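Single-structure report; data block below.
The values are calculated or read from the model by the stated rules, or taken from the named source; none is laboratory data. It should be emphasised that the depicted structure is a prediction, and the values quoted were computed from it without experimental measurement. Using ideal geometry, Cβ is built from the backbone for each residue, glycine included, and neighbour counts are taken over all protein chains shown. Surface accessibility is based on the protein's heavy atoms, side chains included, excluding ligands, DNA and RNA. Shrake-Rupley method; radii C 1.70, N 1.55, O 1.52, S 1.80 Å.
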Amino acid sequence: MIGHLAYAAGAPCPTFVLDAGRLPREEEPLLAHLAQARRYLASAGGAHVLKIALIEPSAHPMFDLDHRFVQALPGAPDRFDLRGSCGHSVLASVLAASRSGMLPRLVPGARVRVRVRNNGDSVVCEAEHVERDRAEFTVTFVQPSPVPFADLLPAGRPRTVLAVGRESVEVSLVASANTYAFVDARALGVHDQAALFHAGGELLERLESVRGAAADLLGWPRDGAFPKIAAVLPGADGGVAARAVTVPGWHPSIALTGAVCLGSAVRIPGTVPWRIAGGHATGDDAVGITTTGGRTAVSAVTTAAGAPGGEGALLWATVAHKHVTFQGSFALTPLSHLQFEEVAQCLALSVAA
């Protein structure tokens, strides 16, 4: 069996891509195989690789590729979270599938339709520019039918007050691509973009506590990776400034699913991001998101919130100019032995990225 490494710019680490058709379908033996693979990756210098993608050609006529995301968790090689998705890993999977022959070679203009098995998302990855080991994509998260804003609010309302220790913190829980808790950084004592981007462990710890309270509300385990959380406030140059948390610390930019979720939240009247962005409840202009890793633009297209009860709906969300680099392949025989020299070369590339 062959494993592949690919890195999507802005992600906290590369994605380890495997052929799902060569792995067990049942969860317990599957995770046992993946835990063994993590042990060997760690031995070869790859303990930082915490994203795993399981891919295979889709049997569904509307899709080209099935993708299942596995979030590896720190602490032990057998700790995983299967609950959410990862847009950067979707892109890494598309490039790896093309390089390995699972999909046709990418060419500019090619569209790869991906079915995310974790949550049923439909993702269209359009290649804008292609080189031997690198590609640039426009990514669109497409809804099969309009999704009412109410269905994007797992707490049933635009804002929710969480009890976090002895304090109360207002968040917006929004489920689009992934479930996120968005909190106004100013409510945590951080009042401008520079302070947000230079904040250290104290703010990170507070956000982790808020995330834990959000997980409690949703009935999810506190020690998992979901829901995600991001602190937001008005950007210094317009749009929204965001600082997101990933496994196991600050995200170097923002997850692709985080950009999609934030862009969707900006369109939903009453949410924290909607208020910060100045109340952009309608329209489909791109929203600029500034992070410590640069600026991203996301266009979330919705129906007008003018139906009875003020309801609107999400149609799709698009992020352009996403760069992915293929970093190498190596043999697994069968998930019990890694060719360490090849793996070390791949991992050296991933650290350099």
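Assuming Glu128 fulfils every condition listed in (1) touching a helix residue (DSSP H, G or I) at 6+ places or on another chain (Cβ under 9 Å); (2) farther than 24 Å from Phe80 by Cβ; (3) in contact (Cβ under 8 Å) with a residue 24 or more places away in the chain; (4) open to solvent by 40 Å² or more (accessible area, probe 1.4 Å) apart from one, which condition is it?
For Glu128, the exception is condition (1).
Somewhere in region 116-123, is a residue out of contact with any Phe, Trp or Tyr (no Cβ under 8 Å at 6 or more places or on another chain), open to solvent by less than 30 Å² (accessible area, probe 1.4 Å) and under 20 Å from Thr296 (Cβ atoms)?
no
Could you please find all residues in region 63-76 being open to solvent by 10 Å² or more (accessible area, probe 1.4 Å), over 17 Å from Arg222 (Cβ atoms) and of a type in the set (A, V, I, L, M, F, W, C)?
Hit for region 63-76 is Phe63, nothing else.
Test Pro221 against the stated conditions and say whether it is surrounded by fewer than 20 Cβ atoms within 10 Å (Cβ to Cβ) and within 25 Å of Arg267 (Cβ to Cβ).
Criteria not met by Pro221.
Looking at Pro221, Pro248, Pro252, can you tell me which residue is outside any strand (DSSP E or B), at pLDDT 95 or above and within 17 Å of Val49 (Cα to Cα)?
Pro252
Pull up region 77-112, narrow it to residues that are in contact (Cβ under 8 Å) with a residue 40 or more places away in the chain and out of contact with any strand residue (DSSP E or B) (no Cβ under 9 Å at 6 or more places or on another chain), then point me to the one that is surrounded by the most Cβ atoms within 10 Å (Cβ to Cβ).
Pro77
Where residues in region 33-74 are free of Cβ contacts under 8 Å to residues at least 12 places away in the same chain and over 21 Å from the mean Cα position of the chain (by Cα), which of them is farthest from Leu18 (Cα to Cα)?
Pro61
Condition first: touching a Pro at 6+ places or on another chain (Cβ under 7 Å) and either assigned to a loop (DSSP other than H, G, I, E, B) or not hydrophobic (A, V, I, L, M, F, W, C) (or both). Now tell me which residues in region 13-47 satisfy that.
Within region 13-47, His33, Arg38, Arg39 qualify.
Which pairs do you get when a residue that is without any contact (Cβ under 8 Å) to a residue 40 or more places away in the chain, found in region 209-238, comes within reach of a residue that is open to solvent by 60 Å² or more (accessible area, probe 1.4 Å) and of a type in the set (S, T, N, Q), reach meaning Cβ atoms under 7 angstrom, with the pair 6+ apart or on two chains?
Within 7 Å, no pair qualifies.
Quick test for you: out of Ala300, Ala313, pick the one residue that is small (Gly, Ala, Ser), at pLDDT 65 or above, under 17 Å from the mean Cα position of the chain (by Cα) and open to solvent by less than 30 Å² (accessible area, probe 1.4 Å).
Of Ala300, Ala313, the one residue that is small (Gly, Ala, Ser), at pLDDT 65 or above, under 17 Å from the mean Cα position of the chain (by Cα) and open to solvent by less than 30 Å² (accessible area, probe 1.4 Å) is Ala300.
Mind counting the residues in region 126-155 that are assigned to a strand (DSSP E or B) and farther than 18 Å from Ala59 by Cα?
Number of matching residues: 19.
Determine which member of the set Pro154, Pro148, Pro158 is open to solvent by 10 Å² or more (accessible area, probe 1.4 Å) and either among the small types (Gly, Ala, Ser) or over 22 Å from Ala255 (Cα atoms) (or both).
After applying the criteria, what remains is Pro148.
Name every residue in region 224-243 that is more than 17 Å from Ser85 (Cα to Cα) and assigned to a strand (DSSP E or B), in order of residue number.
Ala231, Val232, Leu233, Pro234, Ala236, Gly238, Val240, Ala241, Ala242, Arg243
Got at least one residue in region 170-181 being on the phi > 0 side of the Ramachandran plot and open to solvent by 40 Å² or more (accessible area, probe 1.4 Å)?
Checking region 170-181: not a single residue is on the phi > 0 side of the Ramachandran plot and open to solvent by 40 Å² or more (accessible area, probe 1.4 Å).
State whether the residues of region 2-12 include one that is open to solvent by less than 10 Å² (accessible area, probe 1.4 Å), in a loop (DSSP other than H, G, I, E, B) and at pLDDT 95 or above.
Checked region 2-12: at least one residue is open to solvent by less than 10 Å² (accessible area, probe 1.4 Å), in a loop (DSSP other than H, G, I, E, B) and at pLDDT 95 or above.
Just give me the residues in region 261-297 being more than 20 Å from Leu153 (Cβ to Cβ), at pLDDT 95 or above and not in a strand (DSSP E or B), in sequence order.
Thr292, Gly293
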